[in-house]
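Q: What follows is a single structure, and I will ask about it in a moment.
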Amino acid sequence: MIELDTNNIPKHVAIIMDGNGRWAKKKGKMRIFGHRNALNAVREAVSYARKINIEVLTLYAFSSENWKRPAQEVAGLMTLFMQALEKEAKELNSNGIKLNILGNKSQFSDNLQVKITQVEELTKNNTKLILNIAANYGGMWDITQATKQIATEVKENKILVSDINESLLQQYLCTQQQPNVDLLIRTSGEQRISNFLLWQIAYAELYFSEVLWPDFNEREFSQAVLAYQQRERRFGCSE
Ligand code: IPE
Ligand code: IPE
Ligand code: MG
């Protein structure tokens, strides 16, 4: 196994879990077969994050734009989401993991919204790892919803326009007090952001893996972290 520098573990890792459809197609199966097999890779990523003491892991599960897919695929994804929450809640809780769903939850079915609230409530005091699942999430939506909240508070005289600065706006994003992303990984060889976290990746290191998401494992994850450890982060300074 790859040796990592335990003093330089990224605090916040975000992953665009892409390639389920292509993985299924390669096996001559329907796309949903790929989505079903994505859950094993999610489990492995979560357990690895826990093992190397990552503080926040954010996984992109469904974008604001993914509703444009065929109704059957969308319905299949919603069913899988519900099943995963039902199946994994206890295990997440016993492993000290706090689950947050990031995104516009109001567009989900009532059942799914209730389940999400239950799991978030069950795990809210856990401190070993924050697991954000971005579902019906868009980076542009996140900044927009933050702006709306701030505008409302200004209108209600709770904050002044002169109070608005970067650190205030950040508090209104779905990720609230969490640290910004250190390492962003995308699988399947695509090299784009696809409206994932925008603000929060301002200074993230980007890592693109050729592996299709259902094949992503501890080894791939550790290679991404190793690559991160070999980068020089400058944050705008000269050296
Ligand atoms: C990522 O896999 C999962 C979701 C977007 C829900 P895709 O379904 O995008 O798989 P590809 O990119 O078509 O292979
Ligand atoms: C991004 O993947 C969204 C998720 C992985 C959930 P997509 O497959 O939807 O992105 P594009 O359409 O290839 O940019
Ligand atoms: Mg895709």
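The values are calculated or read from the model by the stated rules, or taken from the named source; none is laboratory data. The model shown is predicted, which means the values in this text are computed figures rather than measured ones. Positions of Cβ are generated from backbone atoms using ideal geometry, with glycine treated the same way; all protein chains shown enter the neighbour counts. Keep in mind that these areas ignore ligands, DNA and RNA; they rest on the heavy atoms of the full protein, side chains included. Shrake-Rupley method; radii C 1.70, N 1.55, O 1.52, S 1.80 Å.
Q: With +1 assigned to the C-beta of every Lys and Arg and -1 to the C-beta of every Asp and Glu, and no other charges, what is the dipole magnitude of the chain about the Cα centre in debye, to the nearest 20? Mind dumping the intermediate values first?
A: On the way: 29 positive and 27 negative charges, 160 e Å.
It works out to roughly 760 debye.
Q: Once you have all Cα-Cα distances for segment 109-194, histogram them in 5 Å bins from zero and send the whole-percent values.
A: Per 5 Å bin, starting at zero, the Cα-Cα P(r) for segment 109-194 comes out as 3, 10, 16, 18, 18, 17, 13, 4, 1, 0 percent.
Q: Taking the alpha-carbon distance from Lys155 and a cut-off under 17 Å, which aspartates and glutamates remain once sequence neighbours fewer than 8 residues away in the same chain are dropped?
A: Asp163
Q: Excluding same-chain residues fewer than 8 positions from Lys128, which lysines have a Cα within less than 16 Å of its Cα?
A: Lys128 reaches Lys11, Lys51, Lys90, Lys98.
Q: Roughly what would the spin-label model give for Tyr203 and Asn8, points 7 Å off Cα along C-beta, in nm?
A: Distance between the two pseudo-spin positions: 1.6 nm.
Q: Still on this structure, I have one more. At a 1.4 Å probe radius, which order do Phe62, Phe235, Phe33 fall into by accessible area, largest first? Please list the in-between numbers first.
A: Values: Phe62 10, Phe235 110, Phe33 60 Å².
Sorted by accessible area, descending: Phe235, Phe33, Phe62.
Q: Moving on. Quick one: how many Å² of Arg231 are accessible to a 1.4 Å probe, rounded to 10?
A: Surface accessible to solvent at Arg231 totals approximately 90 Å².
Q: While we're here: Assuming R0 = 30 Å, can you tell me the calculated FRET efficiency for the pair Arg192 and Glu156, based on Cβ-Cβ distance, to the nearest 0.05? Present the calculation step by step, with values, prior to reporting the outcome.
A: Details: r = 38 Å, r/R0 = 1.28.
Given R0 = 30 Å and the Cβ-Cβ separation, E is 0.20.
Q: Further question: Please give the solvent-accessible surface of Lys11 in Å², to the nearest 10, using a probe radius of 1.4 Å with every protein chain present.
A: That residue has around 100 Å² of solvent-accessible surface.
Q: Roughly how much of His35 is accessible, in Å² to the nearest 10, using a 1.4 Å probe?
A: Using a 1.4 Å probe on the heavy atoms, I get roughly 20 Å².
Q: Quickly work out the Asp110-to-Asn53 label distance, labels modelled 7 Å from Cα along the C-beta direction, and quote it in nm with one decimal.
A: 4.7 nm
Q: If you take the alpha carbon radius of gyration of segment 1-157 and divide it by 2.2 N^0.38 Å, what ratio comes out, to two decimals? Don't skip to the end; give the middle numbers.
A: Values: Rg = 17.1 Å, N = 157, 2.2 N^0.38 = 15.0 Å.
Normalised Rg, Cα atoms only: 1.14.
Q: Round to a whole angstrom and tell me the spacing of the C-alpha centers of segment 166-214 and segment 1-78.
A: Measuring centre to centre over Cα atoms gives 13 Å.
Q: Students often forget the sequence filter, so: which lysines lie under 19 Å Cα-Cα from Lys148 once same-chain residues fewer than 8 apart are removed?
A: Cross-link targets: Lys105, Lys158.
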